[in-house]
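The values are calculated or read from the model by the stated rules, or taken from the named source; none is laboratory data. Bear in mind that the values here come from a model prediction, so they are computed numbers and not experimental data. So basically every Cβ, Gly included, is an ideal-geometry build from the backbone, and we count neighbours across all protein chains shown. Only protein heavy atoms, including side chains, enter the accessible area calculation; ligands, DNA and RNA are left aside. Shrake-Rupley method; radii C 1.70, N 1.55, O 1.52, S 1.80 Å.
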Amino acid sequence: MNGNLKNIPDNSTLPLLDVRAISHNFDYPLFDNIDFKLHPKESVAIVGMSGSGKSTLLNIFSSLLIPNKGEVYFNNQNICTLSQEKLLKIRRDDFGIIFQSHYLFRGFSAIENLQISELLSEKPIDYELLKKLKIDHIIKQGIGELSGGQQQRLSCARVLTKQPKIIFADEPTGNLDTQTAHDLIDVLFDYVSSHSAGLVMVTHENDIAFRCDKVYKLQGYKLEQIK
């Protein structure tokens, strides 16, 4: 029996996300024939000039956009070919997307935004997480009463509440001062490590990017690893 164990795949070495030869363009080419892998407990940053296609690439990775060519695999499924119903389940249960715009429910309080995530994911709110993000004291306030930085951290807390397998973050520190930005990244890194999750982050801040395990630069229609 022990001899057969070597034939069982080690799931810890399998990629969470396996992107194969994707290409995309709008009225102009953005990128061509890009391969990418994300493994458990791994953080990856993508940098590049404005307009190079970083956010579009992240949208393809996270199933929000279908590439013109290529395949994106999650859990051995090509998500580019899945039905909307199956895609919505993956986005609800497995993918956590932190947008540059927060998309919080403005008619609700901070805690009510978290409770919606709690209800949909059936995962409890982590109040220790709120302390780490330094927003535990504002959870009864309305969204319109919060600063941009507080809204950004609340958006992060809402995503982490559902305990996703992959976090996709588009400029997650854009509205934060330097210290708070690094504190937020610490929280994301801790989550990735403790939950065997993965992080793909688009950022223009090199000091934040190079804290990740790997850094890629999108330029000349290609994704080049620079760390």
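Details
- Selection status of residue 118, among the acidic types (Asp, Glu), in a helix (DSSP H, G or I), free of Cβ contacts under 8 Å to residues at least 60 places away in the same chain and open to solvent by 30 Å² or more (accessible area, probe 1.4 Å): yes
- Residues (surrounded by fewer than 16 Cβ atoms within 10 Å (Cβ to Cβ) and free of Cβ contacts under 8 Å to residues at least 40 places away in the same chain) located in region 191-220: 194, 195, 207, 220
- Qualifying helices (runs of 4 or more DSSP H) (wholly inside region 1-111; at least 2 residues being in contact with a helix residue (DSSP H, G or I) (Cβ under 9 Å, 6 or more places away or on another chain) and modelled with pLDDT under 95): 84-93
- Exactly one residue out of 68, 76 is open to solvent by 50 Å² or more (accessible area, probe 1.4 Å) and touching a His at 6+ places or on another chain (Cβ under 8 Å), and it is 68.
- Among residues of region 50-64, those that are within 15 Å of residue 29 (Cβ to Cβ) and aliphatic (A, V, I, L, M), counted: 2
- Residue match in region 126-133 (condition: over 22 Å from residue 59 (Cβ atoms), in contact (Cβ under 8 Å) with a residue 60 or more places away in the chain and in a loop (DSSP other than H, G, I, E, B)): no
- Taken over region 134-144, the criterion of being small (Gly, Ala, Ser) and either in a helix (DSSP H, G or I) or surrounded by 15 or more Cβ atoms within 10 Å (Cβ to Cβ) (or both) is satisfied by 144 alone.
- Positions within region 40-64 being closer than 20 Å to residue 196 by Cβ and open to solvent by less than 50 Å² (accessible area, probe 1.4 Å), in sequence order: 40, 42, 43, 44, 45, 61, 62
- Given (1) modelled with pLDDT of 95 or more; (2) closer than 30 Å to residue 225 by Cα, number of the condition residue 141 does not satisfy: (2)
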